[in-house]
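Throughout, read-outs are computed from the coordinates displayed, never taken from laboratory work. From a predicted model like this one, the values you see are computed outputs, not experimental measurements. Here the Cβ positions follow ideal geometry from the backbone for every residue, glycine too, while neighbour counts run over all protein chains shown.
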Amino acid sequence: MKKIVPIKNLKKYAIDKTIKVSEKSIEKTSKISAFLVDTANVFLFLTRVFKNTFSRGFEFKEFLKHCFQIGNKSFALISITGTIIGLVLTIQSRPILIKFGALNMLPNMVAISLIREMGPVITALICAGKIGSSMGAELGSMRVTEQIDALEVSSANPIKYLIVPRVLAATLMIPLLSIFAITMGILGGWIGANIKGDLNFVLYISQAFGKVEFMDLIPAITKTFFFGAVIGLVGCYKGYNAGRGTESVGIAANTAVVTASFLVILVDLIAVQITDLILQ
């Protein structure tokens, strides 16, 4: 015999389902609205940075200070990293090239790998972790301690004074650090080639750059400017828009590193596709 559900239970069941559906709809709507607000804030921030970059009253002293901080404080780390990359790449590639009888191509292979991809990308990822986190933490602490609010109240422009010099410094210094990392990587490759052999430095350099073309260098260096701009913008945006609590400083630094690293890989993918289309 079919069981009959009382009217009261049916009414309660319908009300519960309606409440659950409405809560899910509100949750989805809030997520969509938060995403749209964040997207609008990003475009607004980029517009303000671009506008203040080409306006009068450029903070040249702040720009030089951040260039020194980014370049000088990353110099030792980039030197060691570049040398190790070239050393490891040479040691790992040597046995394979010996099997194919192409050991004389080892210096050129190391040089092209470092110039086209490994030097710029690894330098950018290191700078994303070091520079992006420092920018996010520094500006986040300034937001928490209301220093940015004090600048706005005193009719100063925090974008021009705090953001633009940092972004331009990162855009300029990361290509220079990438070139230095490539140089140190080629030097590390020579060290690796001499671990199990005896290769003259002049001969190694001539073999390394024997088949390196001008179009190998230009796309690699060009994309490092975009890497620097992405790292500077992401680090400054996360710090500038940090929350009010003290833990928001750590959140800003962490999200700056993760987002900048992801965007560096994405920009590199786009740059590789564009370069492939141009060189075809």
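Annotations
- The charge dipole of region 74-279, taken about its Cα centre with unit charges on the Cβ atoms of Lys, Arg (+1), Asp and Glu (-1) only, comes to about 300 debye.
- Relative packing of 157-166, 226-235, which averages over residues the other C-beta atoms within 10 Å, highest first: 226-235, 157-166
- Sorting the segments 59-72, 170-183 by their mean number of nearby beta carbons within 10 angstrom, highest to lowest, gives 170-183, 59-72.
- For the chain, the Kirkwood estimate of the hydrodynamic radius, built from every pair of different alpha carbons, is 22.0 Å.
- Annotation for Val272 and Val37: the two label points, set 7 Å from Cα along the Cα-Cβ direction, are 3.8 nm apart.
- Degrees between helix 247-279 axis and first principal axis of the chain (Cα, 0 to 90, nearest 10): 60
- Simple spin-label estimate for Lys65 and Asn104 in nanometres, 7 Å along Cα-Cβ: 5.6
- Between region 185-220 and region 162-182, the alpha-carbon center distance in angstrom: 25
- Protection proxy ranking of 43-52, 108-117 - average other beta-carbon atoms within 10 Å, highest first: 108-117, 43-52
- Excluding same-chain neighbours fewer than eight residues apart, the aspartates and glutamates reachable from Lys31 by a Cα-Cα span under 15 Å are Glu23.
- Treating each Cα of region 188-280 as an identical point scatterer and summing with the Debye formula, the log10 of I(q)/I(0) at q = 0.11, 0.12, 0.26 Å⁻¹ comes to -0.57, -0.64, -1.16.
- Spin-label model, Phe209 to Lys196: label points 7 Å out along the Cα-to-beta-carbon direction sit 2.8 nm apart.
- For region 219-262, diffusion coefficient by Stokes-Einstein and Kirkwood Rh (Cα), 37 °C, 0.692 mPa s, µm²/s: 298
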